[in-house]
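Report on the following structure.
The values are calculated or read from the model by the stated rules, or taken from the named source; none is laboratory data. Just so it is clear, the model here is predicted, and its values are computed rather than measured. We place every Cβ from the backbone using ideal geometry, glycine too, and count neighbours over all the protein chains shown. For the accessible areas, the whole protein counts, side chains as well, though only heavy atoms, and no ligand, DNA or RNA atoms are used. Shrake-Rupley method; radii C 1.70, N 1.55, O 1.52, S 1.80 Å.
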Amino acid sequence: MQPSADSLQIGNYIGALMQWRGMQDDYDAFFTVVDLHAITVAQDPAQLREKTRRTAAQYIAAGIDSSKSTLYVQSQVPAHAELAWILSTITGFGEAGRMTQFKDKSQRYGADQASVGLFTYPILMAADILLYQAEAVPVGDDQKQHVELTRNLAERFNSRFGETFTVPKPVIQGETARIYDLQDPTSKMSKSAESQAGVLYLLDDVNVTAKKIMRAVTDSEGSVRYDRADKPGVANLMTIYSALTGRTLDEIEDEFAGRGYGDFKKAVRDAVVGEFEPVRARALELLEDPAELDRVLAGNADRAAQAAEETLSAVYERVGLLRRG
Ligand code: AMP
């Protein structure tokens, strides 16, 4: 995840962190705060550092456990940038030019504002993945094309230089993990939304969160029923409630049969506040002692670097770079 916000929103929490937390027992997982990716668009240096710590603190507070997984800051493992260079030399210019995310972003910022780093962003992402011989990459739909590029680069390198990289598979998160804006429930929830009234932040005061939920847009039908097309507001609240309580959509419909939206919203509010309160408290506690947080991250970066170096040195060898004697 990019360190692009002071606080994660509930979409990041349900769509990413909760899924990742659940994968930790089954996978030897690597989680990274991608600060090198963040600087592909202009960042304020002091804020970037602060957001990097905040993002890491929220991962830990949400249950990413560094005794099970490796949680580190991308720029603290130089092998990411080094492998990205090597991979850029086997990536076609046209191939990189077909990445739709670059096209979208460069349109948004204007062609003159878009940096070469923004263009080569997916190659750095390929390095993030291939360095750790990853078998699976949990991503949203929008990242599928980048994982496809990663697979192509791995296969190309392997066939040109000999078996070196594991070819990874994307693990695509389903629609049920997608959260929409509470005020505009047909748009994906995002911190860059024009109005903040429909965005629930993990680090917000819980009273603010509670109010936003009670004011969420619903409809005039008055029944708690899952219908994404005709009742997007209610469907979205049901998705949130289901993700946090483990109840199925059918069970939720039964629970609130014959009851109004007021009751339902109170239940959603209690579930969200109950989930966020301890995570927020833990994250703020971690941020009160940045030296200790930095120490934890450094230890994890050492572990990541060890795994990364193994791959990188095989790559340098295969490519024919003369190693220092
Ligand atoms: P971003 O900060 O938008 O790059 O998102 C970081 C992670 O959170 C990615 O894995 C996204 O798929 C996930 N994410 C962001 N917004 C949402 C949302 N509204 N619903 C579900 N997942 C989301």
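Annotations
- Total residues in segment 1-17 satisfying the condition of being open to solvent by 20 Å² or more (accessible area, probe 1.4 Å) and more than 10 Å from the ligand (Cβ to nearest atom): the figure is 1.
- Being touching a residue at least 12 places away in the same chain (Cβ under 8 Å), more than 19 Å from Y13 (Cα to Cα) and among the polar types (S, T, N, Q) is a property that does not hold for Q113.
- For segment 189-236, the set of residues classified as charged (D, E, K, R) and assigned to a helix (DSSP H, G or I) consists of K211, K212, listed by residue number.
- Failed criterion for A127 (all others in (1) at pLDDT below 95; (2) more than 30 Å from A216 (Cβ to Cβ); (3) buried (at least 18 other Cβ atoms within 10 Å of the Cβ) hold): (1)
- Within segment 137-188, the set of residues being assigned to a helix (DSSP H, G or I) and either charged (D, E, K, R) or more than 23 Å from T91 (Cα to Cα) (or both) comprises D141, D142, K144, E148, R151, E155, R156, R160, E175, T176, A177.
Residues are listed down the side, and each one gets a yes or a no for (1) among the basic types (K, R); (2) open to solvent by 40 Å² or more (accessible area, probe 1.4 Å):
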residue	(1), (2)
Y59	no, no
G63	no, no
K68	yes, yes
L71	no, no
A81	no, yes
A84	no, no
L87	no, no
E95	no, no
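- Test result for L87, assigned to a helix (DSSP H, G or I), within 21 Å of A136 (Cβ to Cβ) and away from the ligand (no atom under 16 Å from the Cβ): yes
- Residue satisfying condition, being acidic (D, E) and closer than 30 Å to R160 by Cβ, within set E82, E50: E82
- Criterion: farther than 20 Å from V73 by Cα, modelled with pLDDT of 95 or more and surrounded by 13 or more Cβ atoms within 10 Å (Cβ to Cβ) - qualifying residue of A271, A281, A304: A271
- Selection count, segment 163-214, where residues are over 22 Å from the mean Cα position of the chain (by Cα) and open to solvent by less than 40 Å² (accessible area, probe 1.4 Å): 6
- Those residues of segment 191-200 which are closer than 15 Å to I240 by Cα and in contact with an Asp or Glu (Cβ under 8 Å, 6 or more places away or on another chain), in sequence order: G198, V199
- Candidates E253, E163, filtered to the one that is in contact (Cβ under 8 Å) with a residue 12 or more places away in the chain, among the acidic types (D, E) and more than 16 Å from the ligand (Cβ to nearest atom): E253
- Tabulated pairs, segment 2-18, first among the basic types (K, R), second open to solvent by 10 Å² or more (accessible area, probe 1.4 Å) and within 6 Å of the ligand (Cβ to nearest atom), C-beta under 6 angstrom, 6+ apart or interchain: none
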